[in-house]
Amino acid sequence: MVVPPGDYLTGPLHLRSFVNLHVCAGATLKFITDSCRYLPSVFTRWEGMECMGLSPLIYACEQEHVAITGGGMLDGQAGLGRWWNWAGPWEGALPTGWAPGQPHQAAARDQLKRWAESGIPVRQRILTEQDLLRPMFVQFYRCHDVLVEGITLRHSPMWCIHPALCRAVTVRGVRIDSHGPNNDGCVADSCRDVLIEDCVLDTGDDCVSVKSGRNQDGLRVNVPSEDIVIRGCRMLNGHGGVAIGSEISGCVRRVFVERCVMDSPHLDLAFRIKANSTRGGVVEQIYLRDLEVREVRDAAVRIDLLYSQDEEQGNRLPRVREIVVERLRCAHSGRAVWIEGLEAMPVREVCIRDSAFRQVDAANILRHVEGFTTPRVVFPAPA
């Protein structure tokens, strides 16, 4: 399917096996913001929980050999009073159009959590436009042999590119420019054999995320994210350059990050792992090398097992171990390293080696960490 140069207004697109949506250079697909057009509800995963929700703007479910390519533009047209206002209170850089007293997603989000925790069958977890849960922009669900290459994507309602429960996924040469709430750039969610390379990500949340399902629902599906390569990418604005979590109940292992550049005073962290005691899950065998971090607002390396602990606490202790960072060059960060484990479950076996931190604003924080080593690393005194 070829989209020639020009501007086109469209509703949701559902891709089938052996279909390549090729958006030519000079072509822009603009997606309507009338939420009723994204019905009937489809089988989807929303923040790590399965449900029947609004159709993603581009959607493929249980398909194979499916692609989106070309040098053109995908425009979700989210913005002031369109999609983003459904998020409710948000402390981002851009206004969303939401005002106190207006409805937003919180009630439906909480309802979905209750359904998931109590084991309500997914086909009965029906959410419509009245529930205000924003659709993903591009979602491949239970697909294999997926390619996204060359396109530019902007103004996403929520997560931008979201392969979930997929295998053999390549995202290459993509530019994402989307600064709204929960506008994660590329989210590999319970996926295997994923390559994300040569992309530029300028987002309102984490630039690249690796996830594997939330809480009881993640444990029910129980599919890890594993064998993921992220290389040659440039991360600009966002919460984290590369982030693992916070939905990691299905576990994450063997993630390799190399030759990435992270540079923005509006990027909070270069690399982060986030989880808490409601998630459970194991994060292990994570390897990063040859990263150039020019400026990040918070820590260059952040591992936080107390993420959102003020809101959610349980007895599923997450395990984080075997993290290796080598040849990281950081010019300026709030801290070099900040690791918060749990007393009952320390973070284990973290090695940072052959790395340089030029300027930091505050000292490292290490709480409940076992086996932290830093061969051939000198941490500067805080400025």
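Quick note: the coordinates plus some simple rules give every number you see, no bench work behind them. Just so we're clear, the structure is a prediction, and the values are computed from it rather than from any experiment. Please note: Cβ atoms are built from the backbone with ideal geometry, for glycine as well, and neighbour counts cover all protein chains shown.
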I need the shape label for the stretch 263-383. Rule: rounded when a/c is under 1.5, else prolate if a/b > b/c, else oblate, with a, b, c from the alpha carbon gyration tensor.
prolate
Please arrange Tyr59, Tyr307 by how many other C-beta atoms lie within 10 Å of their C-beta, fewest to most.
Tyr307, Tyr59
Would you give the gap between the C-alpha center of the stretch 83-143 and the C-alpha center of the stretch 363-383, rounded to a whole Å?
39 Å
Among Asp290, Asp34, Asp193, which one moves the most in a GNM of the chain with springs linking Cα atoms closer than 10 Å?
Asp34
Residue-averaged 222 nm ellipticity for the chain, from DSSP H runs of 4+ at -39500 (n - 2.57), nearest 500
-1500 deg cm²/dmol
Specify which residue in the list Gly213, Ala108, Val42 is farthest towards the positive end of the charge dipole of the chain, using unit charges on the beta carbon of Lys, Arg (+1) and Asp, Glu (-1), about the Cα centre.
Gly213
Only Lys, Arg, Asp and Glu count, each charged at its Cβ (+1, +1, -1, -1), so figure out the dipole size of the chain about its Cα centre, rounded to 20 debye.
340 debye
Relative contact order computed over the stretch 2-373 (Cα-Cα under 8 Å; 6+ residues apart), in percent
10 percent
So for Lys113, Lys211, Lys30, Lys274, fewest C-beta neighbours within 10 Å to most, what's the order?
Lys30, Lys113, Lys274, Lys211
Most fluctuating of Met235, Met73, Met345 in the GNM of the chain (C-alpha, under 10 Å) is Met345
